[in-house]
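Worksheet: the structure to be examined is printed underneath.
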Amino acid sequence: MNDSVKPIAALGGLAPTAQAVAGEVRSPTPPPGLNFNSRELEVFEYICTALREAGIEHLTAGMPIAMIVHTYCQWLDREAECETKGRTQTSANGWVSPTPWAEDARRLKQELGQWLPKACLTIPSLTRVRKESGAQAGQDDLFGDLVNHGTSSPRSGWPN
């Protein structure tokens, strides 16, 4: 698998996702030096599209998204290897143990479980971000009731 692809900005068909459009969420280009292959670039675009459609700002998340892309693609490779070669191996004395690729698949799945919420790519993390960025977000106005009472007082228009 040695079909390296140029960064998104250099690709005519994919460049619009990285360009600024007024009022819309923008996506980052892949970090330089990664040389994504076509499958990795497709996953990167899929993640960025999902975040844009959800309205989640992610312009500065190029590196974490790249980490997720590499981990996800490696996990897919290990899962395919498990399907073809099996998940366990039996020693000469009958001891059954997981294969190295099955252990890799398990480790990569755990890593994805840690990275995906951090990048707002799970339903609970998306719900939390939307709640925190909504009207209820921010610090409470500790003196809001007092100010409202003072400004609504009949004496508020009288000279001092």
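Bear in mind these aren't lab numbers, they're just calculated from the coordinates by the rules spelled out. Bear in mind that the values here come from a model prediction, so they are computed numbers and not experimental data. Glycine gets a Cβ as well: all are built from the backbone with ideal geometry, and neighbour counts include every protein chain shown.
Of note:
- Neighbour-count order for Phe36, Phe44, fewest beta carbons within 10 angstrom listed first: Phe36, Phe44
- For Gln89, nonlocal amide neighbours, meaning residues 5 or more places apart or on other chains whose placed amide H falls under 5 Å from its own, are Ser97, Thr99.
- Distances between placed amide hydrogens fall under 5 Å for Asn37 paired with Val5, all partners being 5 or more residues away or on another chain.
- The Cα-based radius of gyration of region 50-102, divided by its Kirkwood radius, gives an Rg/Rh of 1.30.
- Residues whose amide H falls under 5 Å from that of Ala119, counting only those 5 or more places apart or on a different chain, are absent, with hydrogens built in the peptide plane.
- The Cα atoms of region 8-123 define a convex hull whose projected area, averaged across directions, is 9.0 nm².
- Scalar couplings 3J(HN,Hα) for region 66-73, obtained by applying the Karplus form with A = 6.51, B = -1.76, C = 1.60 to θ = phi - 60°, are 4, 5, 5, 4, 5, 5, 4, 5 Hz; x denotes Gly and Pro.
- Environment charge of Arg78, counting only residues whose C-beta is closer than 12 Å and scoring Lys/Arg +1, Asp/Glu -1: -2
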